[in-house]
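The values are calculated or read from the model by the stated rules, or taken from the named source; none is laboratory data. Fair warning: this is a prediction, and the values are worked out from it, not measured in the lab. A quick note on method: Cβ atoms are made from the backbone with ideal geometry, for glycine too, and the neighbour counts reach across all protein chains shown. When the accessible area is computed, the model is the full protein with side chains, heavy atoms only, and any ligands, DNA or RNA have been set aside. Shrake-Rupley method; radii C 1.70, N 1.55, O 1.52, S 1.80 Å.
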Amino acid sequence: MELLLTPAHAQLPPSPWITRFGALLQALHAQRPQRRALDVACGWGRHTRWLAQQGYRVTAVDRDAEALAALTALGPAVTPLHADLEGAPWPLPGQSFDVVLVTNYLWRPLLPHVLASLAPGGVLLYETFAWGQHTIGRPARADFLLAPGELLQVCEGLRIVAYEDGYESDPARYVQRVAALRPPQPAPSEPLRLPLTTPSTFGAAG
């Protein structure tokens with residue numbers, strides 16, 4: 001389930017939770033000859049644009065053909081993919097990505113495919129509505145709201161870099177989010193240096 005988005009959403013800045021991990025992505029993937037990213041249920045592409053700016057070749061998947069058509073202006077760094085993520089088979093079988101990004105979207109049957117798409121050394125950035133949202137607005141169905149701690153359960157086997165589950169007032173919403181790493185293979189000889197950013201340096205989430 002994704003909220004109904006309009007062309008105006010294309011002008012919104014990317015989520016501060018996502019951009020917070022720009023340094024982490026650079027530290028992990030700077031030496032990769034071709035960095036690949038997947039934006040699941042990308043909508044009008046505010047995060048697709050950000051990923052392309054970070055040097056990734058982005059596959060942007062959504063069911064909204066109009067929104068995807070707007071992304072063609074971004075050039076060869078972005079591959080729009082029209083797909084029904086909830087009523088058809090997973091459109092990218094066997095493919096893996098250095099970044100898998102999901103925002104404002106939850107369809108639980110898709111979660112195994114999302115995780116399977118994460119390459120060794122890849123980072124999952126996931127942020128969407130959580131239990132409690134039904135008391136203040138949409139989405140209101142439990143099917144579309146993460147249960148307390150659910151993303152931690154989903155990411156079992158990954159290394160959790162950051163996790164939050166709570167309430168924000170501007171705009172008012174209950175949200176759960178995670179940044180998680182699939183360990184590189186083979187394992188590095190020294191501990192990974194994973195840059196962290198404190199909340200004060202990236203502002204309130206929007």
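Extension gain for residue 53 to residue 66 (0.36 nm times residue separation, less C-alpha to C-alpha distance): 2.5 nm. Per-residue extension of 0.36 nm, minus the Cα-Cα distance of residue 30 and residue 193, leaves a gain of 57.4 nm for this segment.
By accessible area, using a 1.4 Å probe on protein heavy atoms only, region 60-122 has 61% of its surface on carbon and sulfur.
Accessible area of residue 20 (1.4 Å probe, protein heavy atoms only, ligands and nucleic acids ignored): about 40 Å².
Excluding ligands, DNA and RNA, the accessible surface per residue across the chain is 49 Å² with a 1.4 Å probe.
Working from label points 7 Å from Cα in the Cα-to-Cβ sense, the residue 84 to residue 152 distance is 3.7 nm. Given (1) 16.3; (2) 11.3; (3) 13.3, which label gives mean projected area of the Cα convex hull in nm² as computed from the coordinates? Answer by label: (2). Using C-alpha pairs below 8 Å separated by at least 6 residues, the relative contact order for region 34-145 is 22 percent.
For the chain, what is the calculated [θ] at 222 nm in deg cm²/dmol (nearest 500), taking -39500 (n - 2.57) for each run of four or more DSSP H residues and dividing by its residue count? Don't skip to the answer; put the middle values down first.
Working: 6 runs with 38 residues, N = 206.
Dividing the helical sum by the residues of the chain leaves -4500 deg cm²/dmol.
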